[in-house]
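Here the structure comes first, spelled out in structure tokens, and everything after it is commentary.
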Amino acid sequence: MKVLVIGSGGREHAIAWKLLQSTKIQTVYVAPGNGGTASDHRLHNLPLTDFKDLAEFAEREKIALTVVGPEGPLAGGIVDFFRARGLRIFGPTKAAAQLESSKAFAKAFMKRHQIPTAAYETFTDAALAHAYVDQQGAPIVIKADGLAAGKGVVVATTLPQAHEAIDWMLGTDASGVSLDVKHNDVPRVVIEQFLEGEEASFIVMCDGKNVVSLATSQDHKRLLDGDEGPNTGGMGAYSPAPVVTPNVHAKAMHEIILPTIQGMAKDGVPFTGFLYAGLMIDAHGQPRTVEFNCRLGDPETQPILMRLKSDLFDLFAHATDGKLDEVELHWDRRVALGVVVAAAGYPGTPRKGDAIQGIPVEAADGIVFHAGTELRDGNLVTSGGRVLCVTVLADSVKQAQPRAYELLQAIRFDGMQYRKDIGHRAMKR
Ligand code: AMP
Ligand code: GLY
């Protein structure tokens with residue numbers, strides 16, 4: 001069978017790599033893919049991003065299943081588009097994807113269904129937002145409503161920072177970052193209570209009714225060692241996340257995931273796809289939802305899929321048939337850890353076109369997934385912010401970390417940046 005993976009990041013490289021291990025899969029197309037998927041002779045890149053072009057390709061080539069990696073096409077309604085043409089696709093509809101694409105939708109949903117999250121208010125009026133922040137005090141969190149590639153959240157430790165964030169997000173100029181507020185008529189901010197604790201990524205697969213949880217993971221959102229510097233899409237990740245004890249896992253399932261799936265079904269928007277709850281777990285082991293994503297995490301997917309022993313295509317087939325209740329997942333008992341190597345300038349404006357050298361060949365315990373890379377005249381160059389994710393398997397985080405950095409040592413490109421402490425939280429436990 002032939003399958004199509006939509007996206008171009010490290011997450012999509014990992015999905016394609018894992019699908020290739022299925023005996024039922026003959027060809028994996030990746031649209032548009034990256035330099036890593038272009039270099040693997042078993043994968044085929046397609047220079048397509050338009051829904052119509054993709055659907056026509058899927059029809060023409062008799063694609064058995066399409067899997068969507070990133071939130072953009074999901075929020076844009078690619079699942080609705082494919083389904084209307086009778087094509088099999090895994091992901092949430094445009095309406096269900098609002099759990100990620102609209103913070104206001106997600107917060108109202110959680111309030112309605114009593115799902116633990118931070119207290120909040122929504123504003124379109126800047127004066128009211130300023131007054132609310134003055135009344136609440138700092139620390140406080142200001143979020144732009146809409147997809148903003150991880151840049152739409154300001155955790156303000158002081159009141160002036162909070163006021164500045166409001167002006168920036170509700171201002172007419174939206175200087176600096178282009179916030180995607182196109183699907184809203186007016187810019188809107190969500191202002192919420194600051195939650196203390198440790199974060200974890202809790203990702204499940206849903207078929208609208210049944211839920212299967214994936215292995216837990218944790219990523220590192222800040223650019224610099226010691227969790228300093230600006231927020232990024234994620235500088236590294238590992239699985240499992242020790243903070244998610246069996247007790248926390250049970251609470252997350254019963255208080256967050258299952259009520260969300262049931263609530264969406266009850267509201268007439270059944271959720272199919274990957275549901276990613278970003279959890280904040282407090283000192284008592286109580287998880288609260290910081291955010292929902294309607295997709296797999298990047299870079300969490302790279303370590304998670306490296307640990308998955310089950311057939312990923314089988315899993316997608318069950319999910320699109322509404323039969324996830326028949327599935328049991330098998331995981332490698334070892335730890336997987338991935339270190340992201342980013343381009344010069346990331347997370348601002350990354351520099352492109354730097355030649356990349358020394359990527360080690362795939363080993364049983366280590367693989368370098370590509371993200372912002374491109375093959376230009378047969379040479380690998382950088383083409384985006386997060387360039388590579390060096391992912392390894394080992395018996396413990398203590399062993400995985402040095403192994404990842406050992407593999408990374410061979411890799412060279414101008415301006416490369418990476419954190420040297422991926423996994424530090426897990427090692428302290
Ligand atoms: P989000 O895009 O909503 O996940 O926010 C990005 C990051 O900001 C999260 O991963 C947290 O580290 C931080 N954050 C968001 N909301 C809160 C909150 N209510 N309390 C503390 N930290 C938060
Ligand atoms: N690594 C965080 C995310 O994928 O949203």
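The values are calculated or read from the model by the stated rules, or taken from the named source; none is laboratory data. The structure presented is a predicted model; accordingly, all values stated were derived computationally and were not measured. Cβ placement follows ideal geometry from the backbone for every residue including glycine, while neighbour counts extend to all protein chains displayed. Side chains are part of the model used for accessible areas, which takes the heavy atoms of the whole protein and leaves out ligands, DNA and RNA. Shrake-Rupley method; radii C 1.70, N 1.55, O 1.52, S 1.80 Å.
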Screening Ala14, Ala58, Ala31, Ala38 for residues that are assigned to a helix (DSSP H, G or I) and either free of Cβ contacts under 8 Å to residues at least 24 places away in the same chain or under 21 Å from the mean Cα position of the chain (by Cα) (or both) leaves only Ala14
Note to self: Going residue by residue through the range 156-170, is there one that turns out to be at pLDDT 95 or above, in a strand (DSSP E or B) and farther than 18 Å from Pro187 by Cβ?
What the structure shows: no
The strands (runs of 3 or more DSSP E) lying wholly within the range 197-248 that contain at least 3 residues that are more than 16 Å from ligand 2 (Cβ to nearest atom) are 211-213
Could you tell me whether Arg288 is away from ligand 1 (no atom under 13 Å from the Cβ) and surrounded by fewer than 24 Cβ atoms within 10 Å (Cβ to Cβ)?
-> no
Exception for Ala371 within (1) out of contact with any helix residue (DSSP H, G or I) (no Cβ under 7 Å at 6 or more places or on another chain); (2) within 30 Å of Asp80 (Cα to Cα); (3) not aromatic (Phe, Trp, Tyr) falls at (1)
Within the range 265-313, the residues that are of a type outside the set (Lys, Arg), within 16 Å of ligand 2 (Cβ to nearest atom) and part of a loop (DSSP other than H, G, I, E, B) are Cys294, Leu296, Gly297, Asp298, Pro299, Glu300
Matching residues in the range 215-243 (among the aliphatic types (A, V, I, L, M), surrounded by 24 or more Cβ atoms within 10 Å (Cβ to Cβ) and either under 17 Å from Leu279 (Cα atoms) or touching a Cys at 6+ places or on another chain (Cβ under 7 Å) (or both)) number 2
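Tell me whether the range 84-106 contains one or more residues that are assigned to a helix (DSSP H, G or I), closer than 30 Å to Pro230 by Cα and open to solvent by 60 Å² or more (accessible area, probe 1.4 Å).
Quick first cut of the range 84-106, residues assigned to a helix (DSSP H, G or I) only: 84, 98-101, 103-106.
Adding the requirement that they be closer than 30 Å to Pro230 by Cα leaves 98-101, 103-106.
Filter again for open to solvent by 60 Å² or more (accessible area, probe 1.4 Å), leaving 98.
There is at least one residue in the range 84-106 that is assigned to a helix (DSSP H, G or I), closer than 30 Å to Pro230 by Cα and open to solvent by 60 Å² or more (accessible area, probe 1.4 Å).
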Residue set Met306, Met253; condition in contact with a Ser or Thr (Cβ under 9 Å, 6 or more places away or on another chain) and within 27 Å of Ala108 (Cα to Cα); output residue Met253
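Within 16 Å of ligand 1 (Cβ to nearest atom) and without any contact (Cβ under 8 Å) to a residue 12 or more places away in the chain - does that describe any residue in the range 213-222? Don't jump to the end; show me each part of the working.
Looking only at the range 213-222, we keep the residues that are within 16 Å of ligand 1 (Cβ to nearest atom), and these are 216-222.
In the following step, the residues that additionally are without any contact (Cβ under 8 Å) to a residue 12 or more places away in the chain were identified as none.
Scanning the range 213-222, I find no residue that is within 16 Å of ligand 1 (Cβ to nearest atom) and without any contact (Cβ under 8 Å) to a residue 12 or more places away in the chain, so the answer is no.
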Residues of the range 187-209 being away from ligand 1 (no atom under 16 Å from the Cβ) and more than 21 Å from the chain's Cα centre (by Cα), in sequence order, are Pro187, Lys209
Lys323 meets each of (1) open to solvent by 30 Å² or more (accessible area, probe 1.4 Å); (2) under 19 Å from Val30 (Cβ atoms); (3) more than 16 Å from ligand 2 (Cβ to nearest atom) with one exception, condition (2)
Q. Taking the stated definitions as given, is Thr391 farther than 17 Å from Ala16 by Cβ and either polar (S, T, N, Q) or surrounded by 24 or more Cβ atoms within 10 Å (Cβ to Cβ) (or both)?
A. no
A careful count of residues in the range 107-144 that are farther than 20 Å from Leu170 by Cβ, assigned to a strand (DSSP E or B) and at pLDDT below 95 gives 0
